[in-house]
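Notes follow the structure.
The values are calculated or read from the model by the stated rules, or taken from the named source; none is laboratory data. Remember, predicted model here, so these are calculated numbers, not experimental data. Using ideal geometry, Cβ is built from the backbone for each residue, glycine included, and neighbour counts are taken over all protein chains shown.
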Amino acid sequence: MESHVRIFDTTLRDGEQAPGCTLTLEEKLEVARQLARLKVDIIEAGFPAASPGDWAAVHEIAREVGTPDGPTIAALARANREDIEKAWTAIQPAAKKRIHTFMSTSDIHLEHQFRKTREQCLTIIREMVGFARSLCTDVEFSPMDAGRSDPLFLREAVAVAVEAGATTLNIPDTVGYLTPDEYGAMIRDLNQNVPGIENCILSTHCHDDLGVAVANSLAGVRDGARQVECTINGIGERAGNASLEEVVMAIHTRGQFYGVQTQINTTELARASRLVSRFIGVPVPPNKAIVGANAFAHESGIHQDGVLKHRQTYEIMRAETVGLDGNELILGKHSGRHAFRIKLTAMGVVLANDEEFQRLFERFKDLCDRKKRVEDRDIEALIAGELQHIPEIYKLDHVQYFSGTGQIPTATVRLIGPEAQVVVDSSQGTGPVDAIYRAINRIIQRPNELMEFSINAITEGMDAVAEVTVRIREQGGAARDDSEQLGASTSTTTSLTGRRITQEIFSGYGVDTDTVVACAHAYMAALNKMLAVRQERIKVEAVAYAAGYTTD
């Protein structure tokens with residue numbers, strides 16, 4: 001059996017469905033460029049039928065990243081002609097193209113969501129996989145909710161897809177229900193009992209609802225799957241997807257056990273993790289395997305003693321292998337630009353230009369004046385807060401607040417708006433953060449609902465930098481009519497027809513030694529992203545329609 005396991009990255013499609021993980025077009029392009037540097041085999045760039053904006057993003061990624069020596073560019077489509085046609089037109093610029101279509105096969109989905117019989121399901125699979133194959137030589141089919149499908153019917157559905165021309169069969173545990181033993185057995189059963197499947201690639205797609213997405217994916221590999229669908233940092237619907245970095249490093253570290261390998265450039269893993277974390281405003285947990293801040297840290301005296309004598313006593317892989325610097329460079333207020341630039345390079349940070357570097361360096365020096373020792377986690381927080389690649393439609397220029405026991409919390413903010421317009425306003429609230437948010441809302445006048453608010457200290461000590469993450473949902477904003485499987489960060493669903501009306505959730509991230517100021521920066525980041533996405537949607541819809549996107 002072939003030993004090469006293909007890595008199918010769906011960060012830009014399934015990953016973006018996580019609440020608050022909406023990405024702008026430029027952010028999607030930068031993630032796609034990093035995935036190409038990572039050498040993933042396939043990038044699922046999006047769901048073109050969902051909206052003109054999604055079509056335009058897939059089309060642009062196919063044009064820029066889909067080079068002859070780059071990854072295959074895939075687009076997702078429901079099993080209908082309109083979706084498949086839109087997917088096909090979107091990926092046209094790519095040198096290597098793939099159409100990925102899906103149809104549910106579980107009785108619970110067929111009865112309650114699609115209102116279809118098993119016979120109708122098989123007809124749809126036969127016709128739509130055949131139609132996709134008439135357009136594209138590389139066609140992937142997914143029997144959605146395979147994990148809860150009747151095994152005999154699942155065999156039949158997969159056999160129909162093979163006969164119709166599918167070249168990759170992706171077997172999703174859509175709701176994260178199976179255990180590794182069950183998932184491996186399902187892959188093995190299909191491998192042994194579906195005629196013609198030896199000419200196709202079997203693929204895994206596992207969700208983490210029970211915390212076993214990576215284990216299930218690896219079990220599938222052990223039983224014959226030669227493609228793994230996963231996301232950077234494991235982001236995705238609900239509890240997320242199988243984590244790309246964990247799957248890759250499990251195969252890399254235990255290659256003899258699995259008997260397979262990937263073509264991933266592992267030294268780009270940390271950089272990919274940080275990039276995605278920065279764009280979606282979701283910090284990587286310190287104890288996250290492979291890329292977490294503590295993944296290669298040792299505090300216990302016994303562990304430290306062992307590692308100092310021989311690294312392999314307590315480390316099964318080298319930090320350098322995943323793109324982390326094993327040597328510690330301490331930075332402080334006396335550090336210069338050269339040392340800071342070297343530190344950023346060692347951390348895998350790629351800046352767009354000198355202007356970004358200068359802005360980040362100034363924030364670093366400002367932090368050094370308020371904190372005795374600046375650690376990697378502080379710098380990562382600065383990067384996430386400063387370089388979010390969100391257009392500053394409104395810039396927070398000044399914030400001042402007054403609060404205390406027996407006092408009415410009051411805040412004044414000064415924003416610089418479009419065309420350098422300076423606007424000042426004040427408000428009162430139940431606390432300083434509420435007062436600041438009310439003052440900002442008075443200026444921007446874009447009603448929204450605060451969905452989530454979290455504060456975290458980056459490091460220990462009274463001088464710790466605070467990181468704040470907020471998620472907001474626009475009130476009265478334009479709803480999007482999306483597929484049940486897509487979406488960007490959504491909040492409202494009606495699925496009787498397999499479609500839904502959704503409103504996007506936008507995340508913002510702020511850092512500062514002053515916790516209240518960090519709250520203000522986070523809120524402004526979320527608001528700017530909400531405003532920028534609205535502006536970008538208008539622009540990309542015009543581009544998409546001009547390039548051939550048509551409505552149903």
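Results, tabulated for the structure shown:
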| item | result |
| --- | --- |
| Hits in the range 29-61 (condition: among the hydrophobic types (A, V, I, L, M, F, W, C) and without any contact (Cβ under 8 Å) to a residue 60 or more places away in the chain) | Leu29, Ala32, Ala36, Ile43, Ala45, Val58, Ile61 |
| Identity of the residue in the range 283-321, modelled with pLDDT of 75 or more and in a helix (DSSP H, G or I), that ends up surrounded by the fewest Cβ atoms within 10 Å (Cβ to Cβ) | Thr313 |
| Some residue of the range 220-227 being free of Cβ contacts under 8 Å to residues at least 40 places away in the same chain and either touching a strand residue (DSSP E or B) at 6+ places or on another chain (Cβ under 8 Å) or among the acidic types (Asp, Glu) (or both) | yes |
| Criterion (surrounded by fewer than 24 Cβ atoms within 10 Å (Cβ to Cβ) and aliphatic (A, V, I, L, M)) met by exactly one of Leu12, Leu25, Leu38 | Leu25 |
| Filter result for Ala95 (of a type outside the set (Phe, Trp, Tyr) and crowded, with 16+ Cβ neighbours inside 10 Å) | no |
| Qualifying positions in the range 187-207 - surrounded by fewer than 23 Cβ atoms within 10 Å (Cβ to Cβ), more than 22 Å from Arg126 (Cβ to Cβ) and in contact (Cβ under 8 Å) with a residue 24 or more places away in the chain | Arg188 |
| Filtered residues of the range 522-552 (kept if in a helix (DSSP H, G or I) and acidic (Asp, Glu)) | Glu536, Glu541 |
| In the range 494-532, residue modelled with the lowest pLDDT [restricted to those that are aliphatic (A, V, I, L, M), under 18 Å from Asn448 (Cβ atoms) and surrounded by 23 or more Cβ atoms within 10 Å (Cβ to Cβ)] | Ile505 |
| Exclusive hit being within 30 Å of Lys529 (Cα to Cα) and not small (Gly, Ala, Ser), set Asn216, Asn233, Asn265 | Asn233 |
| Total residues in the range 409-436, condition under 19 Å from Ala518 (Cβ atoms) and part of a loop (DSSP other than H, G, I, E, B) | 4 |
